[in-house]
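Visitor: Sharing a structure with you now.
The values are calculated or read from the model by the stated rules, or taken from the named source; none is laboratory data. Here the structure is a predicted model, which means the values were calculated and not measured. A quick note on method: Cβ atoms are made from the backbone with ideal geometry, for glycine too, and the neighbour counts reach across all protein chains shown.
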Amino acid sequence: MTTDSSAEHLDAYPPSAEFAAAANGDASLYDRAGADREGFWAEQARRLHWHQPFTQVLDWTDAPFAKWFADGKLNVAYNCVDRHVLDGHGDQVAIHWEGEPGDSRDLTYSDLLAEVSRAANYLTGLGLVAGDRVAIYMPMVPEAIVAMLASARLGLTHSVVFAGFSPSALRQRVDDAAAKLVITTDGQWRRGKPAPLKTAVDEALAEGDSTVEHVLVVRRTGLDTPMVEGRDLWWDETVALAFPEHEAQAFDAEHPLFILYTSGTTGKPKGILHTSGGYLTQAAYTHHYVFDHKPGRDVYWCTADIGWVTGHSYIVYGPLANRVTEVVYEGTPNFPDEHRHWQIIEKYGVSIYYTAPTLVRTFMKWGREIPQAHDLSSLRLLGSVGEPINPEAWRWYRDVVGGNKTPIVDTWWQTETGAIMISPLPGVTHAKPGAAMTPLPGISAKVVDEEGNPVELGETEANGYLVLDHPWPSMLRGIWGDNERYRETYWARYAEKGWYFAGDGAKLDKDGDLWVLGRVDDVMNVSGHRISTAEVESALVGHTGVAEAAVVGASDDTTGQGIVAFVILTAEAKNTGDDLVAELKAEVSREISPIARPREIHVVPELPKTRSGKIMRRLLRDVAEGRELGDTSTLVDPNVFEAIRAGNA
Ligand code: 6R9
């Protein structure tokens with residue numbers, strides 16, 4: 001932040017004096033962390049209650065497998081619930097839950113403690129022991145959070161599977177983690193209608209042997225739900241009747257807390273593994289400073305789903321560790337109409353609101369009159385996550401939602417990083433529309449070229465890669481069951497330097513501020529959801545009529561990227577035009593999830609390939625975005641595009 005007069009610098013929003021005066025953070029955090037990184041993290045770890053204090057901070061001798069606070073012991077659920085009750089805050093509301101059909105429920109910390117204790121007692125009675133895996137396949141109901149915390153309390157490793165995923169996606173995840181229990185609901189509310197969910201579990205488990213011994217079902221919609229004798233259990237007939245007191249036992253700081261599957265560059269999702277002490281330390285630390293959270297005063301709302309990492313770290317673990325009062329909303333932003341989010345903000349006096357750029361752009365499309373019809377003056381801080389936020393959306397968010405006064409924190413991080421890594425600090429640093437700005441105190445990042453040389457400041461070509469050059473407490477501890485893939489995916493690219501390769505392109509502006517530009521691998525980002533091209537391709541070729549498929553993410557005004565597929569049909573297949581395209585789209589929804597449904601599918605006679613047989617997705621992206629073709633010199637057959645365009649027409 002020099003005296004440079006570049007447009008980017010002029011566009012900076014300095015912290016307001018008023019916000020700065022009461023901010024949790026201050027500039028000394030950067031100095032302290034810079035002078036003694038490990039000492040700084042030890043200080044942050046002491047935000048938590050340790051049943052047995054740690055004496056070591058970082059053990060990196062087995063890099064890239066980190067151990068943080070290894071000789072310390074703690075209980076994650078005790079930190080998120082019990083200690084707040086013991087500190088006299090049992091009556092504070094932890095969760096203002098808002099159901100989609102209009103029902104609502106408040107849970108205080110005492111309520112939460114009783115619910116989590118009941119669930120812990122019941123799961124123990126089922127024979128589950130620390131180290132077992134539990135799959136959680138649930139919509140945004142309070143029991144989903146209770147299920148996560150009860151698992152954490154018992155040292156069970158949870159794997160939350162987004163309730164929009166298909167039975168086969170669920171099965172793949174259940175099998176990979178060898179889960180013994182699936183917790184689900186009878187159904188879920190979606191735009192005013194109940195849709196079955198438990199039947200998807202039945203379908204997932206129908207074929208072949210699985211490791212699942214029980215399916216525990218929360219009643220949410222009242223839909224008629226077949227139960228398998230001896231396997232399936234109703235939550236309200238079991239957990240709800242269990243004893244509401246339970247003593248939390250301490251686990252090693254490195255005890256596995258959860259596995260969360262995310263898309264990689266191949267068809268098979270990666271089970272990202274997170275452990276306890278380091279993860280909770282950084283989730284709590286970032287939630288405190290990045291959101292400037294004041295327990296007992298703020299009302300916080302993160303609009304993510306617990307099926308994604310944002311839901312894990314910024315609905316469940318970070319906020320509850322910090323004694324949050326938070327809103328949890330079950331449904332879609334436009335049910336019963338587009339006013340829903342603003343009504344919820346008014347109803348609860350939400351002061352901190354954390355959402356994704358795709359939703360901000362959707363709000364823009366619906367029009368500013370909608371938020372402007374509400375009193376949003378309780379809002380004092382806004383956050384963004386999931387993809388780069390375009391400056392236009394950033395300004396709209398600040399002006400229309402934030403009353404032209406709230407700081408915006410654009411937070412860069414990943415499932416793998418576990419918690420926020422790069423973000424402005426409100427009240428402390430400047431913000432610029434579209435820039436994630438600077439690594440947080442304690443975090444170190446670089447933007448480098450292919451060889452690992454630092455890129456020049458102000459370089460406008462997007463030629464940099466984002467790397468993390470020091471380990472951090474909430475870093476992933478590996479890919480479940482696949483250490484080799486872990487090394488290969490994240491550490492092989494800059495193996496000599498020992499840097500973590502994030503898979504994102506980035507640049508530094510003239511002020512040295514960091515802009516994340518999007519994925520540089522074959523991972524698409526649709527509405528903030530990571531979907532690999534390979535996953536969608538494999539769903540498409542799973543259809544008998546498709547011989548080959550190539551999928552690209554083309555830029556999309558609302559969703560960031562949209563999925564565009566090019567398919568070659570088998571000789572036997574009949575091209576029935578729109579019918580076939582509709583069938584293929586449905587196939588992808590069924591195989592993966594409606595979020596992976598392609599925006600467009602083009603039936604083409606050929607795909608552009610290099611001599612080594614690689615599909616040139618870059619050129620297909622040019623086609624999908626209606627641009628002039630880039631360099632075609634490495635193509636086997638440069639004429640292929642005439643055929644593709646003809647097929648398109
Ligand atoms: C938390 C989360 C991670 C990928 C990441 C990047 C993109 C996330 C961003 C951002 C620019 C931001 N991403 N936040 N890009 N600015 N503030 O989203 O995790 O689902 O694993 O996605 O999302 O491409 O690599 P995850």
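Visitor: For region 397-454, name all the residues that are touching an Asp or Glu at 6+ places or on another chain (Cβ under 7 Å), within 15 Å of the ligand (Cβ to nearest atom) and of a type in the set (D, E, K, R).
Guide: The one that is touching an Asp or Glu at 6+ places or on another chain (Cβ under 7 Å), within 15 Å of the ligand (Cβ to nearest atom) and of a type in the set (D, E, K, R): K432.
Visitor: Regarding region 26-48, can at least one residue be identified that is buried (at least 16 other Cβ atoms within 10 Å of the Cβ) and more than 30 Å from H430 (Cβ to Cβ)?
Guide: Yes, region 26-48 contains at least one residue that is buried (at least 16 other Cβ atoms within 10 Å of the Cβ) and more than 30 Å from H430 (Cβ to Cβ).
Visitor: Answer yes or no as to whether A283 is of a type in the set (G, A, S), out of contact with any helix residue (DSSP H, G or I) (no Cβ under 6 Å at 6 or more places or on another chain) and either more than 20 Å from G442 (Cβ to Cβ) or within 16 Å of the ligand (Cβ to nearest atom) (or both). Show your work before the answer.
Guide: Working: of a type in the set (G, A, S): yes; out of contact with any helix residue (DSSP H, G or I) (no Cβ under 6 Å at 6 or more places or on another chain): no; either more than 20 Å from G442 (Cβ to Cβ) or within 16 Å of the ligand (Cβ to nearest atom) (or both): yes.
So A283 fails the test.
Visitor: What pairs come out if I take residues in region 506-529 that are small (G, A, S) and pair them with residues that are assigned to a strand (DSSP E or B) and near the ligand (Cβ under 7 Å from one of its atoms) whose C-beta lies under 6 Å away, six or more apart or interchain?
Guide: Qualifying pairs under 6 Å: A506/V516.
Visitor: Take D557 and tell me if it is within 25 Å of the chain's Cα centre (by Cα), under 19 Å from E387 (Cβ atoms) and surrounded by fewer than 21 Cβ atoms within 10 Å (Cβ to Cβ).
Guide: Judged against the criteria, D557 is a match.
Visitor: V604: within 33 Å of the chain's Cα centre (by Cα), among the aliphatic types (A, V, I, L, M) and modelled with pLDDT of 75 or more, yes or no?
Guide: On the way: within 33 Å of the chain's Cα centre (by Cα): no; among the aliphatic types (A, V, I, L, M): yes; modelled with pLDDT of 75 or more: yes.
Answer is no for this residue.
Visitor: Additional query: Restricting to region 505-527, count the residues that are more than 8 Å from the ligand (Cβ to nearest atom), buried (at least 20 other Cβ atoms within 10 Å of the Cβ) and closer than 17 Å to D449 by Cβ.
Guide: Number satisfying all stated conditions: 5.
Visitor: Also, quick follow-up: I'd like to check something: does region 136-145 contain any residue that is among the β-branched types (V, I, T), over 23 Å from P194 (Cβ atoms) and in contact with a helix residue (DSSP H, G or I) (Cβ under 7 Å, 6 or more places away or on another chain)?
Guide: Of all residues in region 136-145, those among the β-branched types (V, I, T) come to 136, 141, 145.
The next check asks that each one be over 23 Å from P194 (Cβ atoms); those that pass are none.
No, region 136-145 contains no residue that is among the β-branched types (V, I, T), over 23 Å from P194 (Cβ atoms) and in contact with a helix residue (DSSP H, G or I) (Cβ under 7 Å, 6 or more places away or on another chain).
Visitor: Does region 301-316 hold any residues that are more than 12 Å from the ligand (Cβ to nearest atom) and either in contact with a strand residue (DSSP E or B) (Cβ under 8 Å, 6 or more places away or on another chain) or of a type in the set (G, A, S) (or both), and which are they? Before the answer, list the steps.
Guide: Filtering region 301-316 down to residues more than 12 Å from the ligand (Cβ to nearest atom) leaves 301, 303, 306, 315-316.
Once the filter is applied, which keeps residues that are more than 12 Å from the ligand (Cβ to nearest atom) and either in contact with a strand residue (DSSP E or B) (Cβ under 8 Å, 6 or more places away or on another chain) or of a type in the set (G, A, S) (or both), region 301-316 yields W301, T303, I306, I315.
Visitor: Return the total of residues in region 93-107 being crowded, with 17+ Cβ neighbours inside 10 Å and more than 26 Å from the chain's Cα centre (by Cα).
Guide: 0
Visitor: When region 149-177 is examined, which residues are found to be of a type in the set (A, V, I, L, M, F, W, C), outside any loop (DSSP other than H, G, I, E, B) and touching a Gly at 6+ places or on another chain (Cβ under 9 Å)? Working first, answer last.
Guide: Step one: filter region 149-177 for residues of a type in the set (A, V, I, L, M, F, W, C), giving 149-150, 152, 154, 156, 160-163, 165, 169-170, 174, 177.
Those left that are additionally outside any loop (DSSP other than H, G, I, E, B): 149-150, 152, 154, 160, 169-170, 174, 177.
V160, A177 - these are the residues of region 149-177 that are of a type in the set (A, V, I, L, M, F, W, C), outside any loop (DSSP other than H, G, I, E, B) and touching a Gly at 6+ places or on another chain (Cβ under 9 Å).
Visitor: Continuing with the same structure: Only one residue in D132, D71 is among the acidic types (D, E) and within 25 Å of Y285 (Cβ to Cβ). Which one? Explain how you work it out, then say what you get.
Guide: Values: D132 fails: within 25 Å of Y285 (Cβ to Cβ).
After ruling out the rest, the residue left standing is D71.
Visitor: Determine which member of the set H274, H246 is within 16 Å of the ligand (Cβ to nearest atom) and either crowded, with 24+ Cβ neighbours inside 10 Å or in a loop (DSSP other than H, G, I, E, B) (or both). Step through it out loud before you land on a result.
Guide: On the way: H246 fails: within 16 Å of the ligand (Cβ to nearest atom).
Residue meeting the stated conditions: H274.
Visitor: Pick from A284, A304: which is aliphatic (A, V, I, L, M), within 20 Å of L112 (Cβ to Cβ), surrounded by fewer than 22 Cβ atoms within 10 Å (Cβ to Cβ) and touching a Gly at 6+ places or on another chain (Cβ under 6 Å)?
Guide: Within the list A284, A304, the selection yields A304.
Per-residue answers, yes or no, for (1) away from the ligand (no atom under 16 Å from the Cβ); (2) in a strand (DSSP E or B); (3) not acidic (D, E):
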site	(1), (2), (3)
G458	yes, no, yes
L466	no, yes, yes
H470	yes, no, yes
E484	yes, no, no
R487	yes, no, yes
R493	no, no, yes
K497	yes, no, yes
F501	no, yes, yes
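Visitor: Kindly indicate whether any position in region 159-170 is surrounded by 22 or more Cβ atoms within 10 Å (Cβ to Cβ), of a type in the set (G, A, S) and within 30 Å of W50 (Cα to Cα).
Guide: Among the residues of region 159-170, at least one is surrounded by 22 or more Cβ atoms within 10 Å (Cβ to Cβ), of a type in the set (G, A, S) and within 30 Å of W50 (Cα to Cα), which makes the answer yes.
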